[in-house]
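Coordinate-derived values only; no laboratory data. A quick note: this is a predicted structure, and the numbers were derived from the prediction, not measured. All Cβ positions, even for glycine, are placed from backbone atoms using ideal geometry, and neighbour counts span all protein chains on display.
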Amino acid sequence: MAAQFNKKERSAKSIAFVHHKGGTGKTTTCINVAGWLSKLRKRVLVVDMDPQGNATAGLGIDKASLDGSLYDVFFNGVAIGDIILETESGVYLAPSSLELLAAETHLVDQANCTNILWKHLKNVESYFDYILVDVPPGSTLLMINGIVASDNIIIPLDSGVFSFETMETLKTLIVDLNEALGVEANVMMLLLREYPGGGLFSNPTRRIKGMLAKFLEDNDIPEVEIVKIPFSKKIFEAQMRGVPISHFAPRSKIGKAYRKVAREIIKSDQ
Ligand SMILES: Nc1ncnc2c1ncn2[C@@H]1O[C@H](COP(=O)(O)OP(=O)(O)O)[C@@H](O)[C@H]1O
Ligand SMILES: [Mg+2]
């Protein structure tokens, strides 16, 4: 059943969580930041653009029970407001379904195929303070739609020992994205997930953070903040339970880290 909500005066700020690799923490960041924004009394919509539907499941929604998903919005003429659900933590959700796997081939045939999500979100943006778009990996039309629909992007990075690869990735994402994909991507934050113990360096995360800072300086992108995110088993437990960390273990180290990100987002919007 579709959720009920009231219109407000200002349009939502929209943020996409982007990285072309899988497993860097896009979905985890998206749903946990959403949980905190909701706890800080903001009205938040998560848009799950990934056919895998991890954000949908991570917010406690059983995908098998869905009446409609973004697929129906994109291809079956269903209004986006009619598929939005309210989840346990108070975060609203435009759910995904596996059918979205076919979206790529259908989208190619549509006119203005990169701004379809943007067009649909226009119809609901005045109901929310924040719209967070969880983007699938790869450089697909679903990913590009997510970026085009968003005012800003946040890039979650994992700090493996392949730090130079991280730099290359970042160059692709920040410096080349606009040119390569023909879309404007305003990066507001880099999140660096801690390496979970050991490695070639004594403190790989700190070392990579230093390299990232130098990269931003060299490429004249000083306004992008780098935030460290701890590696935590609590995240796994919260995801199993289907609630964001803000509603599961808010005082944990990882809980506080995501609260900091949510607060930075609010601050940057004032
Ligand atoms: N801070 C963290 N600590 C521990 N595990 C994490 C953390 N962030 C993400 N994970 C785990 O890493 C895996 C990939 O994260 P996910 O958010 O699904 O990445 P993506 O959306 O980029 O593919 C998931 O199993 C998730 O539980
Ligand atoms: Mg994901």
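When the chain is treated as a Gaussian network with alpha carbon springs shorter than 10 Å, the biggest mean-square fluctuation among ALA102, ALA12, ALA213 belongs to ALA102.
In this Cβ point-charge picture (+1 for Lys and Arg, -1 for Asp and Glu), the chain has a dipole of about 1440 debye about its Cα centre.
Between the DSSP loop rule and a limit of at most 14 other Cβ atoms within 10 Å, which trypsin sites (Lys or Arg not before Pro) in the stretch 201-270 are left? Please report the intermediate quantities before stating the final value.
Numbers: sites: ARG206, ARG207, LYS209, LYS214, LYS228, LYS233, LYS234, ARG241, ARG251, LYS253, LYS256, ARG259, LYS260, ARG263, LYS267; in loops: ARG251.
Here the sparse-neighbourhood loop sites are ARG251.
On full extension, the segment bounded by LYS234 and LYS260 gains 7.7 nm, given 0.36 nm per residue less the C-alpha separation.
If exposed means no more than 14 neighbouring beta carbons inside 10 Å and the site is in a DSSP loop, what's the longest run of the chain without any exposed GluC sites (Glu not before Pro)?
After excluding every exposed loop site, the longest remaining stretch is 89-183.
Judged by the gyration tensor of its Cα atoms, with axes a ≥ b ≥ c, the stretch 32-154 is prolate; a/c meets the 1.5 cut and a/b is the larger of a/b and b/c.
Its residue count N sets the reference 2.2 N^0.38 Å, and the alpha-carbon radius of gyration of the chain equals 0.96 times that reference. Counted residue by residue at 0.36 nm each, then reduced by the alpha carbon distance between them, the extension gain from CYS113 to GLU88 reaches 5.7 nm.
Taking loop as defined by DSSP and a crowding limit of 14 other beta carbons within 10 Å, which trypsin sites (Lys or Arg not before Pro) in the stretch 35-99 fit? The qualifying sites are ARG41.
Please go through the residue pairs LYS13/LYS63; LYS122/LYS253; LYS119/LYS233; LYS214/LYS234; LYS26/LYS119 and name each one whose alpha carbons sit more than 29 Å apart in this structure. From the list (LYS13/LYS63; LYS122/LYS253; LYS119/LYS233; LYS214/LYS234; LYS26/LYS119), the Cα-Cα distance tops 29 Å for LYS122/LYS253; LYS119/LYS233; LYS214/LYS234. Around the amide H of LEU192, modelled in the peptide plane, lie the amide H atoms of LEU157, VAL227, LYS228, ILE229, all under 5 Å away and 5 or more residues distant in sequence or on another chain.
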